[in-house]
Amino acid sequence: ARMIKKVWKIIAPILSAIIGFLAANKLNIFSFLPFVPDEYAYEICITAYFAVADIIIDAFTNGILNFIKNRFISELEVVISQQGTNINIGTDTFLEFNNDDLTEANVLVKIKGRKNHFKKIDLIIKKPAFAEIQNTYRRPEATVNRDNYCIKLESLFGNSDIIDSSQTFKIAMIQDPVDGDTSVILSPELSKKKFGLVYKHNNVHLKAVRR
């Protein structure tokens, strides 16, 4: 999508110039206005037509892009954060285990789009080597499967085919014994890729220490 926009930024002015030039040669309305000098009528017409063509092309392009986005593209954002904090997609989270060897986090799932883009797709947070993911979920959409934390994204739609939704889940882990400071970066993954699904997420820096 970004590449299309970059290419279109180059093509649009050229297209506007062509349309403006053809329109000016076909009908120059400024040549009929008595207060416009004849020697400037064509120059003024070209300038005005270029501007009008730009506006029309921009409106047409935005309409097409919005139609494509709403019809064929869905968006998924996953933000993992410490409980009691509020961070954005561009900020990573740093988690450490407490004295009871426990750590907890919120998993914020934002979906904007169509259900068919999420069919049979799970959000997965894989088990780290030095911790166990706990079965503390309250929502039936979240499970621990093969030691991994999974959220069934299709189920978050309920009976709706299109949603703009923000839903929060809880994940908890217990530290296994370690010989020294140990850390890993966890990234929420999708069970499979789907055309038309734009996915963004932050990462979790999980740290364990020997006690």
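The values are calculated or read from the model by the stated rules, or taken from the named source; none is laboratory data. As the structure is a prediction and not an experimental result, all values here were calculated from the model. Here the Cβ is made from the backbone with ideal geometry for all residues, glycine too, and neighbour counts use every protein chain on show. When the accessible area is computed, the model is the full protein with side chains, heavy atoms only, and any ligands, DNA or RNA have been set aside. Shrake-Rupley method; radii C 1.70, N 1.55, O 1.52, S 1.80 Å.
Quick notes
- R0 of 30 Å, Cβ-Cβ distance residue 203-residue 116: FRET efficiency to nearest 0.05: 0.60
- Length gained on full extension, residue 147 to residue 183: 11.1 nm, using 0.36 nm per residue less the C-alpha separation.
- Per atom type, the chain shows carbon and sulfur on 56% of its accessible surface, probed at 1.4 Å.
- The 3J(HN,Hα) values that the Karplus relation (6.51, -1.76, 1.60; θ = phi - 60°) gives for the range 120-135 are, in residue order, 6, 10, 10, 8, 10, 10, 7, 4, x, 5, 10, 8, 10, 7, 8, 7 Hz. Gly and Pro appear as x.
- The chain: angle of helix 2-26 to the longest principal axis, Cα-based, in degrees nearest 10: 10 degrees
- Theoretical FRET efficiency, 1/(1+(r/R0)^6), r = Cβ-Cβ of residue 22 and residue 70, R0 45 Å, to 0.05: 0.90
- Extension gain, residue 15 back to residue 85 (0.36 nm per residue minus Cα-Cα distance, nm): 20.3 nm
- Anchor residue 120: lysines whose Cα lies under 24 Å away (excluding residues fewer than 8 positions away in-chain): 69, 110, 112, 152, 170, 192, 193, 194, 200
- Sites residue 101 and residue 51, calculated FRET efficiency, Cβ-Cβ separation with R0 45 Å, nearest 0.05: 0.10
- With a 1.4 Å probe rolled over the protein heavy atoms of all chains, the accessible area of 146, 138 falls in the order 138, 146, largest first.
- Relative contact order (%) - the chain, alpha-carbon pairs under 8 angstrom, separation at least six: 23 percent
- Among [x] 14.9; [y] 17.8; [z] 11.9, the entry that matches mean projected area of the Cα convex hull in nm² as calculated here: [y]
- The accessible area of residue 36, taken with all protein chains in place and a 1.4 Å probe, comes to roughly 10 Å².
- Largest accessible area first, the residues 139, 71 order themselves as 71, 139 under a 1.4 Å probe with ligands, DNA and RNA left out.
- For the range 1-90, the set of chymotrypsin sites (Phe, Trp or Tyr not before Pro) satisfying both a DSSP loop assignment and a count of at most 14 other C-beta atoms within 10 Å is given as 35.
- Charge sum, other residues only, whose C-beta stays under 15 Å from residue 96's C-beta, Lys/Arg counted +1 and Asp/Glu -1: -3
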